[in-house]
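Contents: one structure, followed by commentary.
Any read-out appearing in this document is the output of simple, stated calculations on the displayed coordinates, not a laboratory observation. The shown structure was predicted, so the numbers you read here are calculated from the model rather than taken from an experiment. All Cβ positions, even for glycine, are placed from backbone atoms using ideal geometry, and neighbour counts span all protein chains on display.
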Amino acid sequence: MSAKVLNGTELAAKVKAELKVKVEALREKGINSGLAVIIVGDDPASRVYVNHKKNDCAEIGIKSFEYALPASTSEEELLELIDTLNNDSSVNGILVQLPLRKHINEDRVIAAINPEKDADCFHPVNVGNLMIGKPQFLPCTPAGVVELLEANNIQIEGKHCVVVGRSNIVGKPQAILLLAKNATVTICHSKTANIADICRSADILVVAIGKAEFIKPEYVKPGAVVIDVGVSRGADGKLVGDVQFSTVSEIASAITKVTGGVGPMTRAMLMKNTVKATLLQNNLL
Ligand code: GUN
């Protein structure tokens, strides 16, 4: 293997240690930071993600409030809970774990969150602010990817970044963040013609499609940086990324692993947003 492995676990630990100091300083001023985490139903993957987020909160000293609601919860009930949390001053951040079940309109739920408490940066107001270059919060996964690149001294400015995937959670905001860092950005998706050729022109390739080992060596320029955001289960039940690590790591200059790459950085950025929300709501920004 020739590629350097970009270690998200290590960098996330550093980010969290810095946040812990900030949270302690806030507590000395009598200010507590709190994150409400809502999970509807019992999807096992969502449960794992929520548990990780709660552990991160505990590590930093952020109080987490979990709302585990039954799968039968109506949209109205969920909106009522969000309204209560919007008006609860001990809650600085509100996160609704996605995806939601089909009978609940995700857009309406996200729009109901007070934008000042939107730790995920999913609310249209926050997405709009990001779009015009004046973000209040940063979207967690895309910001985690950028921090991972920058901490490893990988230049973004002037580079051709290809983002594979166009979701509201990763692909679209990732493209905007890389553009804000002065990259030249191309977005590819399931209808893109000649996708391998476009990917092969990338200096930095970020893949977020949720298709196990979709990216093979013919998609990667030798020496490129490859960031794997996808997580799915392989035939053997093990977690795999969107990139075929064993082969692509032979030709890339730097690469992330699934797990221990982007995932921990996403959560560290969620913690960062929660602390920022706490400062914002206490007029300390
Ligand atoms: N589902 C998958 N990723 C995320 C995320 O970053 N935040 C939330 N709330 N749900 C998700």
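Structure notes:
- One chain, two ends: A45 and K63. Fully extended at 0.36 nm per residue, the span grows by 4.2 nm beyond their Cα-Cα distance.
- For K29, the lysines whose Cα comes closer than 23 Å to its Cα, not counting residues fewer than 8 places off in the same chain, are K16, K20, K63, K117, K272, K276.
- Cut-off under 5 Å, modelled amide H: who pairs with D242 long-range: E213, V229, G230
- Computed 3J(HN,Hα) for the stretch 98-114, one whole-Hz value per residue from the Karplus formula 6.51 cos²θ - 1.76 cosθ + 1.60 where θ = phi - 60°, is 9, x, 8, 5, 4, 7, 10, 7, 4, 4, 5, 5, 5, 5, 7, 6, 4, glycine and proline marked x.
- Rounded FRET efficiency, nearest 0.05, which uses the C-beta distance separating A180 from N283 and R0 of 25 Å: 0.40
- Most mobile of S74, S89, S190 in a GNM of the chain (Cα contacts under 10 Å): S190
- Prolate/oblate/rounded label for the stretch 5-112 (Cα gyration tensor, a/c 1.5): oblate
- Taking other C-beta atoms within 10 angstrom as a stand-in for reagent exposure, T278, T84, T256, T247 fall in the order T84, T247, T278, T256, fewest first.
- Normalised by residue number, the volume inside the convex hull of the Cα atoms of the chain is 128 Å³ per residue.
- Between helix 8-28 and the chain: long-axis angle, C-alpha atoms, 0 to 90°, nearest 10: 20 degrees
- Potential extension, A71-T9 segment - 0.36 nm per residue separation minus Cα distance: 19.1 nm
- Alpha carbon Rg of the stretch 166-285, scaled by the compact-globule rule 2.2 N^0.38 Å: 1.19
- Candidates V96, V109, V226, ranked by Gaussian network fluctuation over the chain, Cα under 10 Å, top entry: V109
- Cα centroid separation, the stretch 81-118 to the stretch 1-66: 18 Å.
- Modelled label reach - A151, point 7 Å along Cα→Cβ, the stretch 244-278 residues with backbone N closer than 19 Å: 254-276
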